[in-house]
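Here the structure comes first, spelled out in structure tokens, and everything after it is commentary.
Since every read-out is calculated from the coordinates, none of them should be taken as a lab result. Predicted model only: the values in this text are computed from it and were never measured. Cβ: placed from backbone, ideal geometry, glycine included. Neighbour counts: every protein chain shown.
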Amino acid sequence: MGSEARDIVAPKLETISRTVSNSFTKAGSFSYSISPTSTFHSPPSSLEAFRQSAKQLKPFDTKDIKVLLLENVNQTGRDILKEQGYQVEFYKSSLPEDELIEKIRDVHVVGIRSKTKLTSRVLREAKNLIVIGCFCIGTNQVDLKYAASQGIAVFNSPFSNSRSVAELVIGEIIALARQIGDRSNEMHAGTWNKVSSGSWEIRGKTLGIIGYGHIGSQLSVLAEAFGMSVIYYDVVNLMALGTAKQVSSLEDLLSGADFVTLHVPESPETKNMIGAKEIEQMKNGSYLINASRGSVVDIPALIEGMRSRKIAGAALDVYPNEPAGNGDYFNSELNTWGDDLRKLKNIILTPHIGGSTEEAQSAIGVEVASALVRYVNEGATLASVNMPEVNLRSLTMDEPNHVRVTFIHRNVPGVLRSVNKILGDHNVDKQMTDSRGEVAYLMADISDVNQNEIKAIWADLEGISACIRTRVLY
Ligand SMILES: NC(=O)c1ccc[n+]([C@@H]2O[C@H](COP(=O)([O-])OP(=O)(O)OC[C@H]3O[C@@H](n4cnc5c(N)ncnc54)[C@H](O)[C@@H]3O)[C@@H](O)[C@H]2O)c1
């Protein structure tokens, strides 16, 4: 499928010059929160800081870019898209499939969260769609492969909530050490039970972090600020933050830590990573926290470990089976051991809320909307979940009549030869190409191009049989 001709219409010769967008400057007026009720945004990344002074390419008259935002996408994301001059249609909820198909036919950009299913049936109708923003972590609600085959890039925000998870875990470490959950439950039942036995300070204790990625490393810094020693285990050799120390085996970590916390991805290697054998290797009276994925801990083994008092307390935020919606669904039908788990003392059970904060939602809005703008205006696919990652440095105002060509095509032999033949009459200032499975993406900046040549280049590239989508940005 080729792109619509209107991608290259609007400009007259004299208008083939870049307009300067200050959208990132506006959206970049970030601030750190000083109170839980004030608005918080992520600070601008170095890329954003660079863009504050960069001249932005526009694919065509910005009024023509139509954006459909569903599922109450955060205000931060809406603002960034509106500041670009895009026409933004916003809905608080998802849409029934037939209505979605009607709406999606017209738009170039769609923003969703986890409820909207973008199946091949829906995407087949989305003839103008060039990019999907998942304003959330997961992307399994989108048929990624089909989207790529149609030249539709997909972006998400996998790490915007890392800090939220790290803070939850720090809170849980203290809550477990002081048995706060049990004392609070007793008070709710009218029982005053002032005890110090089995309650500890966390200062001077050792935290063992399994998986020292985005969340694990944030947690490392927080834990040291509380006076804890930190050891971590990771399959990759990673530079320690502060005075944390990497250990060479899982057993070393388990036997050395007072608190063990898991921050690994779900994979065949991490399935039941903590089972009866690993619990046996832990210190007597230690604590286990899992806010990663439900498959990582063998929960019946944990229940045994707690009954035998080997484990003094645990906090679980994730489970092998989780309900699809809110309600009284966390029962033994869902997970057979549910009743046994609920009866344990000093166990904190939370409904997968590790990343669920206002700040994380706000940061997701900024990250995904920025990725959408970068893709629409400049063709960059950095961090796309279904496209090869391609990026070129921005064009500048002192490069008049330069044009950026973006060409998504099937990954078959001979395509680059055909492309180079078409671009060969121009000076190709820079060019990058990469492939991912059956789809490849080429981006090239060419100089001294007039409007008629733009049209000819676009038409010639569209004529290549392996072409999926051509866009010309000026
Ligand atoms: N509870 C929540 O709401 C919530 C929110 C966000 C993320 N998460 C989950 O937290 C986990 C960690 O997220 P992240 O953003 O820090 O991920 P990340 O990719 O940044 O870090 C994961 C780390 O685990 C390491 N790792 C992978 N396999 C390992 C193994 N077998 N043994 C030891 N280390 C291993 C990796 O090398 C990496 O350093 C993920 O499972 C994610 O789904 C949960």
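Helix check for the chain. Which DSSP H runs span at least 15 Å along their own axis by Cα, with a mean Kyte-Doolittle hydropathy no less than -1.0?
Counting only whole DSSP H runs, the qualifying helices are 162-177, 214-225, 358-378, 451-462.
Taking the simple approach of a point 7 Å from Cα along Cα-to-Cβ for both SER308 and ASN193, what is their distance in nm?
2.4
Just in region 64-161: which trypsin sites (Lys or Arg not before Pro) are loop by DSSP and have at most 14 other Cβ atoms within 10 Å?
For trypsin sites (Lys or Arg not before Pro) across region 64-161 that sit outside H, G, I, E and B with at most 14 neighbouring Cβ atoms in 10 Å, the list reads LYS92, ARG105, LYS115, LYS127.
Just for the Cα atoms in the chain, what are the lengths along the principal axes, largest first, rounded to whole Å?
Principal-axis extents of the Cα atoms in the chain, largest first: 82, 48, 46 Å.
Please report Rg (one decimal) and Dmax (integer) in Å for the Cα set of region 162-349.
So, for region 162-349, Rg and Dmax equal 16.1, 51 Å respectively.
Can you flag which of LYS245/LYS271; LYS194/LYS345; LYS194/LYS343; LYS283/LYS345; LYS245/LYS345; LYS245/LYS283 are past 23 Å Cα-Cα?
Correct reply: LYS245/LYS271; LYS245/LYS345.
Report for the chain the percent antiparallel among DSSP-assigned beta bridges with both residues inside it, nearest 5.
Here the share of antiparallel DSSP bridges comes out near 35 percent.
In deg cm²/dmol, rounded to 500, what helix-only [θ] at 222 nm does the chain give when every DSSP H run of at least 4 residues adds -39500 (n - 2.57) and the total is split over its residues?
Roughly -8500 deg cm²/dmol at 222 nm, from the helical runs in the chain.
Using a 7 Å offset from the Cα along the Cα-to-Cβ direction at both THR243 and ALA466, what is the distance between the two label points in nm, to one decimal?
Once both label points are built, they end up 5.8 nm from each other.
Please work out how much length the chain gains when fully extended from ILE101 to ASN140, using 0.36 nm per residue of separation minus the C-alpha to C-alpha distance, in nm with one decimal.
Between ILE101 and ASN140, full extension yields an extra 12.2 nm.
Say a paramagnetic label sat at a point 7 Å from the Cα of ASN401, along Cα to Cβ; which residues of region 428-451 have their backbone N under 17 Å from it?
Residues 428-429, 445-451 fall inside that zone.
Please compute, over every Cα-Cα pair in region 230-280, the percentage with a separation greater than 15 angstrom.
When every Cα pair of region 230-280 is considered, 49 percent fall beyond 15 Å.
Run the paramagnetic zone check for VAL236: 7 angstrom along Cα to Cβ, then residues of region 197-219 with backbone nitrogen under 18 Å.
209-219
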